[in-house]
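Presented below is the structure to which this report refers.
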Amino acid sequence: MFSVQSREVTDLLRTDLKHLIHPHQPSWATDRVIMVEGQGCRMTDATGREYLDATGGLWLAQIGHGRAQIAEVAAAQMRKLEYFTAFWDFSNDQAIELSERLISLAPERMAKVFFTSGGSEGDDAAIKTARYYHYLNGHPGKNWILSRHTAYHGLAYGGGSATGFADMTEGQGPHLPHVSHLTPPHSYRSHLFDGEDVTDFCVRELEQRIQQIGPENIAAMIGEPIMGVGGFIIPPADYWPRVQQVLRRHDILLIADEVVTAFGRTGSWFASPDLGMDPDIIVTAKGITSGYIPLGAVLMSEQVGQVVTSGHGYPVGYTYSGHPVACAVALKNLDILESEDLLAASRTTGDLLYQLAAPLAEELEIVGEVRHAGMGLALELVTDKETRAPLPQPGLGVADVIRDQTGVIARVSSPTNLVLSPPLIMTEDEAITAVAAVASVLRRVRPDGTIACYR
C-alpha cells in the first residue's frame, strides 16, 4: 500500500486549497481525498487508505486502473511520434487505424470520424456540425437545437447551453441562442404527466415545440440514449423510435450523446441501437480510452460527413485532434475490452449489482426505484414512495458518508439518485461489497435526508 509522509499530505492539502479549482466544489468544503495510486477497482489516497471505485471515476474506467499494457503502448508511441497536427493534409497512422476500428464497431450508418479531446468538445462539435450541415444544404435558418431538462452535454459553451441543469448554467449567460429544452422521459415520475403515457406526452410535446419554433428553423435534437447525470434514466422502449420518426419527418438531425454509454457501459459497444436510436451523429469520449488519456470521437453518417467536408472544409478544429498517443492508447483499450470480453462482463456483473440492490426498493421507504443497464445502476432516493418527492438536498451527503465510512466510492446526481458505474472488470466479491456498503448507509437515511450515526 502506497502512502506519503503526513507532512507531505498536509502540504498537498494546503497547496490544493490555495491553487486548485475543482468542478462543482462548494467554497465551504475544505476536505480533499488526494488519490495517488490505482489498481483494478481499487484506489489509494495519500494517507494510504484504500477505496473501492464503484463510479469508474466519471463513468469511464472501463478496463480498471493501473494497466501496465496501456502505459507501455503510450510510452512506445511517444518514442516514435508524440504529436503532430491533424489539420489540413496532415495525418498519422494511429488516428487512421482508430477511425477504421471505430467505424467497424459503430452502428451501421456511421462512416466518418472527427477526433476531439473529450465529451464537451465533442458535443460542441456535434452542434456546430448539425447547424453547418443545414447551412450547406441551403437552409441557414435551421439552427435551433432541441435538448431536454436534466440532460448533460458537458459544460463548454455549446454543449453547456444544451445541458438541462439550471445550477450548472446560472450566471454564465447569455447562452448559446436557439436552444430549447423538453421534458425527459422519466417513467418513475409518470405522476407528473397527468396520467398520460410517458412517451405519448413527450412526443406530443415535441410536436408542439417543433410547430412553435418552426420545423424550418430546427437543426437537430441532442440526447443521451440513457440520461447519465440525470439519474441513469432509461426511456420507455418506444420513446426513441417515436421521437426519431417525428424528427425525420421534419428533416431534423438526431445527435446521440454516447459519452457515458458507449464502449461497454451498457453491455454493448454503443447503446443507441439497443434503444431504437438511429442517429445521424454520435458523440463519444470517456470509455474510448478508459480515462488513461483524454480523447473523444464524433461519428457521423456518410451523408452528414460528405456535406460538412465539402467546399473549403470542415470548420471545426482542436489542437489535439487525432493525437497519435491518445489514438494508440484507445486502440489498446479497445483490444482489452474485446479480448477480455468485458462487454459480456458488463452485462453479467451489472445484473448481479441489480439483483443485490433491487431488494432495497422493497426494504427501504427512501428507495423509490432501482434502475440498471449493464454496469450502470441508479437508486432513486425519495421522501416516501407515495409522493415520490425527491429526497431533500441533505441527501447529497449520502455518497460522502458511504465513502468515508465504508471506503466505497459512489455518486449522487440529479438531485438524489445514488449512482454506481464501476469498472467493467469489477469482481463478484467487489460487487457484493459495493452494494453492502450502499445498503449499510441507506438504512440510516431519514426522510429529511439526514443520516443517523452508527449505534
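The values are calculated or read from the model by the stated rules, or taken from the named source; none is laboratory data. Because the structure is predicted, anything quoted here is derived from the model rather than measured. So basically every Cβ, Gly included, is an ideal-geometry build from the backbone, and we count neighbours across all protein chains shown. Remember, those area values only see protein heavy atoms, side chains included, never the ligands or the DNA or RNA. Shrake-Rupley method; radii C 1.70, N 1.55, O 1.52, S 1.80 Å.
The value given for the chain is a Kirkwood hydrodynamic radius of 22.9 Å, derived from the mean inverse Cα-Cα separation. At full extension, residue 27 and residue 440 could sit 145.8 nm farther apart than now, given 0.36 nm per residue minus the alpha carbon distance.
With both partners inside region 178-313, how many of the DSSP beta bridges are antiparallel, as a percent to the nearest 5? Please list the in-between numbers first.
Numbers: 5 of 12 bridges.
Beta bridges within region 178-313, antiparallel portion: roughly 40 percent.
Summed over all non-identical Cα pairs, the Kirkwood treatment of region 27-108 gives a radius of 16.3 Å. When 52, 356 are compared by accessible area of protein heavy atoms, the largest-first order is 356, 52, using a 1.4 Å probe.
Look at the alpha carbon pairs under 8 Å that are at least 6 residues apart: their mean separation over the length of the chain gives a relative contact order of 20 percent. With K and R counted +1 and D and E -1, the other residues having a Cβ less than 12 Å from that of residue 387 yield a net charge of 0. Tell me which DSSP H helices of the chain clear both cut-offs, 15 Å or more of axial length from alpha-carbon atoms and a mean Kyte-Doolittle hydropathy of at least -0.5. Long hydrophobic helices here: 68-80, 93-105, 198-213, 324-339, 342-357, 428-442.
Heavy-atom accessible area for residue 233, with the other protein chains in place and a 1.4 Å probe, reaches approximately 10 Å². Excluding the site residues themselves, the longest part of the chain lacking any chymotrypsin sites (Phe, Trp or Tyr not before Pro) in a DSSP loop with at most 10 other Cβ atoms within 10 Å is 91-453.
Provide the per residue accessible area, probe 1.4 Å, for region 359-452, rounded to a whole number of square angstrom.
Numbers: 3410 Å² over 94 residues.
That works out to 36 Å² per residue.
Solvent-free Debye calculation, one equal scatterer per alpha-carbon of region 331-447: log10 I(q)/I(0) at 0.11, 0.22, 0.23 Å⁻¹ equals -0.37, -1.19, -1.27.
The mean accessible area for residues of region 78-189, using a 1.4 Å probe and ignoring ligands and nucleic acids, is 49 Å² per residue.
Extension gain for residue 11 to residue 170 (0.36 nm times residue separation, less C-alpha to C-alpha distance): 53.9 nm. The share of accessible area on the chain that comes from carbon and sulfur is 54 percent, using a 1.4 angstrom probe. Ordering 10, 342, 41 by the projection of their Cα atoms onto the charge dipole of the chain, which places +1 on the Cβ of Lys and Arg and -1 on the Cβ of Asp and Glu, puts 10 at the extreme positive end.
Counting lysine pairs in the chain that sit 8 or more residues apart in sequence, or on different chains, and whose Cα atoms lie under 24 Å apart gives 8.
The sum of -39500 (n - 2.57) across all DSSP H runs of n ≥ 4, divided by the residue count of the chain, sets its helix-only mean residue ellipticity at 222 nm to -11000 deg cm²/dmol.
Evaluated with a Cβ-only charge set (Lys, Arg +1; Asp, Glu -1), the chain carries a dipole of roughly 680 debye about its Cα centre, given to the nearest 20. Seen through its C-alpha gyration tensor, with square-root eigenvalues sorted a ≥ b ≥ c, region 100-195 comes out prolate because a/c lies at 1.5 or above while a/b is bigger than b/c. Once Rh for region 303-374 is found with the Kirkwood sum over Cα pairs, what is the Stokes-Einstein diffusion coefficient at 20 °C and 1.002 mPa s, in µm²/s? Stokes-Einstein gives a translational diffusion coefficient of 128 µm²/s. Computed over the Cα atoms of region 286-340, pair by distinct pair, the Kirkwood hydrodynamic radius stands at 13.0 angstrom.
Accessible surface of residue 128, taken over heavy atoms with a 1.4 Å probe and every protein chain present, rounds to 110 Å². Here the simple spin-label model places points 7 Å from the Cα toward Cβ, and for residue 365 and residue 194 these points are separated by 3.2 nm. In terms of Cα atoms, the Rg and Dmax of region 188-254 work out to 12.5, 34 Å. Loop only by DSSP, 16 or fewer other Cβ within 10 Å of the Cβ. Give me the GluC sites (Glu not before Pro) in region 105-203 that pass, ordered by residue number. In loop regions of region 105-203 (DSSP not H, G, I, E or B), the sparsely surrounded GluC sites (Glu not before Pro) are 108, 170, 196.
Fully extending the segment from residue 149 to residue 50 would add 32.0 nm, taking 0.36 nm per residue of separation and subtracting the current Cα-Cα distance.
Bridge orientation summary for the chain: considering DSSP beta bridges with both residues in this region, about 70 percent are antiparallel.
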